[in-house]
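Read the figures in this text as sums done on the coordinates, not as results from a lab. Remember, predicted model here, so these are calculated numbers, not experimental data. Using ideal geometry, Cβ is built from the backbone for each residue, glycine included, and neighbour counts are taken over all protein chains shown.
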Amino acid sequence: MNAHAPREAVLKMYAARPDIHPREVQGRFATLRWVGVWFTQLLFYGLPWLRLDGRQAVLFDLEARQFHLFGLTLWPQDFIYLAGLLIVCAYGLFVVTAVAGRVWCGYACPQTVYTEIFLWIERRIEGRRSARIRLDRQPWNAEKLGKRGAKHLAWAAVALWTGFTFVGYFTPIRVLGHELATFTAGPWELFWVLFYGFATYGNAGWMREQVCKYMCPYARFQSAMFDRDTLVISYDAGRGEPRAAARGSAGAGAKGDCIDCGVCVQVCPTGIDIRNGLQYECIGCAACVDGCDGVMDKVGKPHGLIRYATENALAQHLTNAQVRRRILRPRVLGYAMVLAAIASVLIGSLLLRTPLKLDVIRDRGAMGREVEGGLIENVYRLQVMNTDGRAHRFRIEVHGLPSAAIADGQTIELAGASARAVPVRVRADPHAAHTGSNPIAFTVTATDDPATAVTEKAVFIVPR
Amino acid sequence: MSDFFNEFWGWYVAVITVLAIAGCAILLWSQSRQKLKLDKDGKLLDTTGHVWDEDLTELNTPMPRWWMGLFYLTIVFAVGYLVLYPGLGAYGGRLGWQSGAAYKAELKVADAAYGPLFDTYLRQDVRQVALDPQARAIGERLFLNYCAQCHGSDARGNKGYPNLTDDDWLYGGEPSAIKDTIMKGRHGVMPPMGAAVGSDRDVENVAHYVMSLSSAPADPIKVALGKGKFGACAGCHGMDAHGNQALGAPNLTDKVWLYGGSAETVMETIRKGRNNTMPAWGEFLGEGKVHVLTAYVYGLSHPAGVLAAAGAHAAPAPEVAAK
């Protein structure tokens, strides 16, 4: 039916990773990215070494189930704060992404930051882009072996230190350091140091942009936050086209600013050509902006052939002021309002939380028993947890039924940061309650601080 | 070793497992390249050819090659696992790993860690252990874990489960008797006595007599009539009805009732008898834990002051029992 007989070819379903040797770039955004690297890494490598009140200031003690964040100690029961923190992080990402695209990816994400560090090491040892490409192509000899060996050693050193630091958040880092130095670290500590070290080495040294392209879930769902007023790295096609190469054939009449030097492609860590428009691989690092600005300086043209711009700004030629005004659009305001609401609730509840936790478990063995005086007795187990650092004496009270009273005069002493199960007997007059279950409540109050009090609901059962 | 009752099933599972792994490898290999049509210009079609809603096409973008490596890695892992660990039919694996042995090894580690502490207590008299605040805390946790389901978190018992905080003991309240009870368990049986006592009226009369023994309100005529029939009960409870701890027969003259002291309940007890079991904990907990538990239970009816006065070697000032 067709004049051309359909020919066939073999498609490889799995493609080899293309070699990407990002070219070094300098400029405003490169500086900003290094600020990001220094800020996040000083924080990450430095925090576990800080001390407060005779202990590590930031320590997620899994064994004791206590998370220390400076003066704050969180318990497993405070897990809701982690959920809150994650929601705040998510909405923070939403706001930033709606305003300026993948800013997180480009400047602060560990994947970007460690790749930046590893690239820096690579440059120090193997040289600039052209030297690295040459080294890549040349056969294995002493020079290549030496350079590659030195690079991987340096990478491994950074990676191991990173793994060590990470584990140092979960087990006291000074002790861990001493154990590693004397070869007495436990098998699991050693395993996790090596595991996170290997993950850093593999991801920042070998996987790089593959992580962003194929593994990262955020990279994919961030596009849902984009709209036509989101700032993205854009090539101003209206100003750049036709390019120099095309100009040659089209004659001198057409004058696009793009000289087709290819710098924007060479500096790109994910190896794309930004002039093809917004692509899912673009992590928003603005290396191409810096690269192009440098070239524009040399050819005497204004900056901004590649720049942060919104789709609308390019299409409707909006001024910067107009673009800025559009930041306050419903989508951004909505994200920001939710973010502010959750953040304030989170901080408020953290500040106002009581350092006392209470769980009431009714004895399930029996409905209730009759004791002298015709009273009905129910037994409860109260799990009282003093999350304060100091010891307290606590008073246990019951209310909700007029005649309900605790059989033994109830005060208990609890050491700082400790928990205890306390059996409690409650007696009530069956004539003042109905047959079946009656709602009651227990209140535990610190005798030295009435504000430290927790109330928990329970049920008092009068058997038929 | 293997749980198969028939050798066939071991082979059946092994063959399916090997075929499945080989099948995965073949599928992966055969699907890593695909013959595709070229368009008119000789270009490879980069879509799957599926079109939805008139113009939505599906790209046929290749996956990264390292991803395929991960798939092959899972096959390598599966083979390595099946060689080392049990999984391939009835084959036990080169490491000889067994869940039961792993459990025992963990128990051994725990014993090595906590055994010395319990051994220390085991060498002490129960009365002395009962004075030790740490032992009491351990005992309380053991009690809440293993005993509270029946005896209640406060150890005051329920219907059919004795109160452990009073001075009334079915099998004796001496430390050795309590320890015996926990180690070996108890089986308390009262046979149905209706026929031995006589008619329904006789049963009612005996019930009233029994109630009168503990000064409960009872009908004097029935009490007088029932007293004559109590002989049937005296074999275990004794003529004076003070019970017999060797048999676990309760004292009927106190105000403590295991099943209830109303006329109906007592009559039911006489007519139908009672059958009750306390499980043995010796093998499960080990003597060390039972010893500490015994001290805790003994301490419930012997406040620290009483214990110390009774001559136990009271060393540290014991905290006042705050239950």
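Averaged over the residues of peptide A:177-186, the number of Cβ atoms from other protein chains lying within 10 Å of each residue's Cβ is 0.
For chain B, averaging the sequence separation of C-alpha pairs within contact (under 8 Å, six or more residues apart) and dividing by the residue count gives a relative contact order of 21 percent.
Cβ crowding within 10 Å ranks B:Leu252, A:Leu194, A:Leu160 as A:Leu194, A:Leu160, B:Leu252, fewest other Cβ atoms first.
A helix-only calculation puts chain B at -16000 deg cm²/dmol for mean residue ellipticity at 222 nm, using -39500 (n - 2.57) for each DSSP H run of at least four residues, averaged over all residues. Here A:Arg390 and A:Glu179 are evaluated by their C-beta separation; at R0 = 41 Å the FRET efficiency comes out at 0.80. Take the Cα of A:His152, step 7 Å toward its Cβ, do the same at A:Phe79, and the gap between the two points is 4.2 nm. When each of the peptides A:282-293, A:425-436, A:47-58, A:265-276 is scored by how many other beta carbons lie within 10 Å of its residues on average, the order from highest to lowest is A:282-293, A:265-276, A:425-436, A:47-58. What is the angle, in °, between the Cα long axis of helix A:28-46 and the longest principal axis of the Cα atoms in chain A? Nearest 10 is fine, range 0 to 90. Once rounded, one gets 30 degrees.
Fewest Cβ neighbours within 10 Å first, please rank B:Lys229, A:Lys147, A:Lys298, B:Lys272 accordingly.
With the sparsest Cβ surroundings first, the list reads A:Lys298, B:Lys272, A:Lys147, B:Lys229.
Distance check, please: which entries in A:Lys151/A:Lys213; A:Lys255/A:Lys298; B:Lys104/B:Lys289 exceed 20 angstrom between their Cα atoms? Too far apart for the 20 Å limit: A:Lys151/A:Lys213.
In a simple Cβ point-charge model (Lys, Arg +1; Asp, Glu -1; nothing else charged), region A:356-462 has a dipole of about 260 debye relative to its Cα centre. Candidate membrane-span-like segments in chain B, meaning DSSP H helices with Cα atoms spread over at least 30 Å of their own axis and a Kyte-Doolittle mean of -1.0 or above, are B:7-30, B:99-122, with no membrane implied.
Given a Förster radius of 35 Å and the C-beta distance between A:Arg17 and B:Phe4 as r, what FRET efficiency does 1/(1 + (r/R0)^6) yield to the nearest 0.05? Could the numbers behind the result be given before it?
Working: r = 46 Å, r/R0 = 1.33.
Once rounded, the FRET efficiency stands at 0.15.
Counting 0.36 nm for each residue step from B:Leu27 to B:Arg274 and taking away their Cα separation leaves a gain of 82.1 nm.
Between the Cα long axis of helix A:79-100 and the first principal axis of chain A there is an angle of about 30°, rounded to the nearest 10.
Can you give the Rg to Rh ratio for the protein assembly as shown, taking only C-alpha atoms and Rh from Kirkwood? When Rh is taken as the Kirkwood radius, the ratio is 1.13. Here the simple spin-label model places points 7 Å from the Cα toward Cβ, and for A:Leu352 and A:Leu32 these points are separated by 3.8 nm.
Starting from the Cα of B:Lys255, step 7 Å toward the Cβ, then list every residue of region A:395-423 with an amide N under 18 Å from that point. Within reach of a label on B:Lys255: A:407-408. Per the Kirkwood formula applied to alpha carbons, chain A shows a radius of gyration over Rh ratio, Rg over Rh, of 1.14. Putting +1 on Lys and Arg Cβ atoms and -1 on Asp and Glu Cβ atoms, find which of B:Thr48, B:Gly261, B:Leu225 reaches farthest to the positive end of the dipole of the protein assembly as shown. The Cα lying farthest towards the positive end belongs to B:Thr48. Using a 4.7 Å Cβ-Cβ cutoff, the cysteines of chain A lacking any partner cysteine are A:Cys89, A:Cys105, A:Cys109, A:Cys212, A:Cys216, A:Cys258, A:Cys261, A:Cys268, A:Cys282, A:Cys285, A:Cys292.
Spin-label model, A:Gln66/A:Arg134: points 7 Å from Cα along the beta carbon direction are separated by 6.0 nm. Counts of other chain beta carbons within 10 angstrom of each beta carbon in peptide B:149-155 average 6.
Figure legend: label point modelled 7 angstrom from the Cα of B:Ala90 along Cα→Cβ; residues of region B:1-21 with amide N under 15 Å from it are B:1-15. Relative to the longest principal axis of the Cα atoms of chain A, the long axis of helix A:330-352 lies at roughly 40 degrees. Considering only chymotrypsin sites (Phe, Trp or Tyr not before Pro) in DSSP loops that have at most 13 other Cβ atoms within 10 Å, the longest stretch of chain B without any of them is B:98-323. Averaged over the residues of peptide B:156-165, the number of Cβ atoms from other protein chains lying within 10 Å of each residue's Cβ is 3.
For B:Thr120 and B:Ser214, a Förster radius of 51 Å and the Cβ-Cβ distance give a FRET efficiency of 0.75, rounded to the nearest 0.05.
Counting charges near A:Ser130 (Lys, Arg +1; Asp, Glu -1) among other residues having Cβ under 13 Å from its Cβ returns a value of +4.
Considering only A:Cys212, A:Gly400, A:Leu50, and ranking their Cα positions along the charge dipole of chain A that arises from unit charges at the beta-carbon of Lys, Arg, Asp and Glu, the one farthest toward the positive end is A:Cys212. State, as an integer percentage, the relative contact order of chain A based on alpha-carbon contacts under 8 Å between residues 6 or more apart. Relative contact order here is 14 percent.
Note on region A:385-433 and region A:49-105: Cα centroid distance 34 Å, given to the nearest whole angstrom.
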